[in-house]
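Just below is one structure, and these are the notes that go with it.
The values are calculated or read from the model by the stated rules, or taken from the named source; none is laboratory data. Nothing here was measured: the structure is a model prediction, and the numbers come from that model. Methodologically, a virtual Cβ is constructed for each residue, glycine included, from the backbone with ideal geometry; neighbour enumeration extends over all protein chains shown.
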Amino acid sequence: MKQGAMASAPPDLEARIDAAYEDRSLLDDAETRAAVEQTIAALDAGALRVASPNDDGSWSVHPWVKRAILLYFGVAKMETTTVGPYEYHDKIPLKRDFEAAGVRVVPPAVARRGAFIERGAVLMPSYVNIGAYVGARTMVDTWATVGSCAQIGADVHLSGGVGIGGVLEPPGATPVIIEDGCFVGSRAIVVEGVHLEREVVLGANVVLTASTPIIDVSGAEAVTHRGRVPARSVVIPGTRSKSFPAGEYEVACALIIGQRKRSTDQRTSLNEALRDFGVQV
């Protein structure tokens, strides 16, 4: 993923956005509305992003950029847009100029203005919402959704029907982050700011929320994570027993059953993970 420098912006732009978020009457001012528009245009072009990686592997969230998106909903007007036989009625225009951007878009894929899609990415019939970032050579497969402000790295595969949740409010909340080289299996769901580190493999139907226990069962003792999956982990759906007043029941969790091998290239490693651990995709 491109580094945190992309999050920089003129100090007066950030200050205008923050001031208008606290006092919406400032949106009556033409310069303030222009600052909102400038921020959305920069998001659309990839010059700004909602969250960005740092050199040490951590991530920084930029709340003022989210505030600009929220203000944009306030100043944008409802308009009717037609695309061939399709008609839309919304405040946010559709993203344009995919040929110049070097992005393959298969009908009827939709990306909203304010999302950035890097060169070489492929959108099968899918949906990418405002504020999202989709890295180079990433495949967003059929009926997958990339929610508001989600950060998707390069060389990622979001399989058919994957649901990547949006995190727009509160502005300081961390969005869903899928780092470079991850493979997300069919119908998997990742929401509430969950972070997949580099080259994670999620099997089909894995559901990860902020509170989902992600249990590493590959060693002698179980180790539980929440909200973050360590790099190169292979994850499948699981259950664990939990006692309730009415009895003991199985509740959902996710199981880390091993890691992709470092000795192979990405494609071979992925294939080996699916074969060696019997992960369904």
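Miscellaneous remarks
- First in the stretch 35-47 and under 17 Å from VAL128 (Cα atoms), second anywhere and crowded, with 24+ Cβ neighbours inside 10 Å, Cβ under 6 Å, 6 or more apart: ILE40/GLY114; ALA42/LEU48; LEU43/GLY114; ASP44/GLY114; GLY46/PHE116
- Among the residues making up the stretch 80-110, those that are of a type in the set (D, E, K, R), under 20 Å from MET124 (Cβ atoms) and touching a strand residue (DSSP E or B) at 6+ places or on another chain (Cβ under 7 Å) are LYS95, ARG104.
- Extreme residue, surrounded by the fewest Cβ atoms within 10 Å (Cβ to Cβ), among residues of the stretch 145-164 that are outside any strand (DSSP E or B) and in contact with a helix residue (DSSP H, G or I) (Cβ under 9 Å, 6 or more places away or on another chain): ASP155
- Scope the stretch 47-65; condition buried (at least 17 other Cβ atoms within 10 Å of the Cβ) and either touching a helix residue (DSSP H, G or I) at 6+ places or on another chain (Cβ under 7 Å) or among the polar types (S, T, N, Q) (or both); matching residues: LEU48, ARG49, VAL50, SER52, PRO53, HIS62, TRP64, VAL65
- Only one entry in THR142, THR174 is farther than 17 Å from LEU123 by Cβ and either surrounded by fewer than 23 Cβ atoms within 10 Å (Cβ to Cβ) or within 12 Å of the chain's Cα centre (by Cα) (or both), namely THR174.
Residue-by-condition table, conditions (1) among the small types (Gly, Ala, Ser); (2) under 23 Å from GLU37 (Cβ atoms):
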position: GLY74; (1), (2): yes, yes
position: LYS77; (1), (2): no, yes
position: PRO85; (1), (2): no, no
position: TYR88; (1), (2): no, yes
position: ASN129; (1), (2): no, yes
position: VAL140; (1), (2): no, no
position: THR145; (1), (2): no, no
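- In the set (1) within 15 Å of GLY147 (Cα to Cα); (2) in contact with a Lys or Arg (Cβ under 9 Å, 6 or more places away or on another chain), VAL176 fails one condition alone, (2).
- The criterion of at least 3 residues that are at pLDDT below 95 is met, among strands (runs of 3 or more DSSP E) falling completely within the stretch 29-126, by 79-83, 86-90.
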